[in-house]
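Data block below; observations after.
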Amino acid sequence: MTIRFCNAVPWLSALMLIGLSLHTYAQPITHIYFGGGILKSEYEMDPINYQGNFFDATESVTTTPDETEDTGWILTYGYQFHKYFAFEASYQSLGEFTQEGRHSVEGLLLSDGTNETSISYTGTAAVNIEPKGLSVAGVALWPVTKRFSVRAKAEARYFTYESKLTFVDPIPGFSLGDTVVEPFESVSPINENMNDFGYGVGLELNYRITWDWSTSLVWHRYLDVDGGLLLDEFDADSLGLQIQYHY
């Protein structure tokens, strides 16, 4: 069945009247609230395809996303100063993300001042990050009923965490003059401390269980999270449940 626009006008008018009447269901304001919850996060990150110079050798790193979903958590403190507006401060962890792949070095020149040789090897590369930190948000509330409300959020964040890049390489045996080196495994961890400023948006469906307690289904989208090292900026989504106490 097709509904033409002209036939839909009465329905749209009715919906507008219902929307205008919703203000009569404004929930009681308890001003201060706090709570916590569990988040299921998903990362949208590109793989690494890097090639560059390593002394006189050619170094390449290729990885693909290995774990793109994880469970994080959030703690929230809010102040509702108007029946339609509030401020929130949160500390949150988006969970852990990893990429795995290959690390290759071709034609690495070794010298003892008199003798020279070159080696090549291929090992593994792993990237690990766990974004966590503070965020502040402005909240717009829409009280649909006395117990149920929809909340839209615009937030700024400051995340601090480590971006960890680890190479595990099987170094082949070689000799330089009278010096003989047996094959061995090299483990090279490279850590970068991240201080990431950014922003995001969120949506919350809040249900007031009692005067003091409420539960929420929350969604956040974090934009342009800095991956550091060889990673580009990426976006992340989280969906979860929160319990809040109001007073």
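Quick look at the values:
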quantity	calculated
Computed over the chain: relative contact order in percent, which uses C-alpha pairs under 8 Å that are six or more apart	19
Cα-derived Rg over Rh, computed across the chain with Rh taken as Kirkwood radius	1.23
Environment charge at ILE243 (Cβ cut-off 14 Å; Lys +1, Arg +1, Asp -1, Glu -1)	-1
Counted charge near ASN191, where neighbours are those whose Cβ lies closer than 10 Å (Asp, Glu -1; Lys, Arg +1)	-1
Residues PHE197 and TYR84, FRET efficiency given R0 of 25 Å [Cβ-Cβ distance, rounded to 0.05]	0.35
14 Å beta-carbon shell around GLY177, net charge (K/R +1, D/E -1)	-3
PHE174 accessible area, assembled protein chains, probe 1.4 Å, Å²	40
GLU162-VAL136 FRET efficiency (beta carbon distance; Förster radius 22 Å; 0.05 resolution)	0.40
C-alpha long axis of helix 5-21 to longest principal axis of the chain, angle in °	80
Contact order relative to length of the stretch 180-233, as percent, for alpha carbon pairs under 8 angstrom and 6 or more apart	32
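The values are calculated or read from the model by the stated rules, or taken from the named source; none is laboratory data. Everything numeric here is computed off the predicted structure, so don't read it as measured data. Cβ coordinates were reconstructed from backbone atoms using ideal geometry, including for glycine residues, and neighbour counts include every protein chain displayed. Heads up: the accessible areas ignore ligands, DNA and RNA and are worked out on the full protein's heavy atoms, side chains in. Shrake-Rupley method; radii C 1.70, N 1.55, O 1.52, S 1.80 Å.
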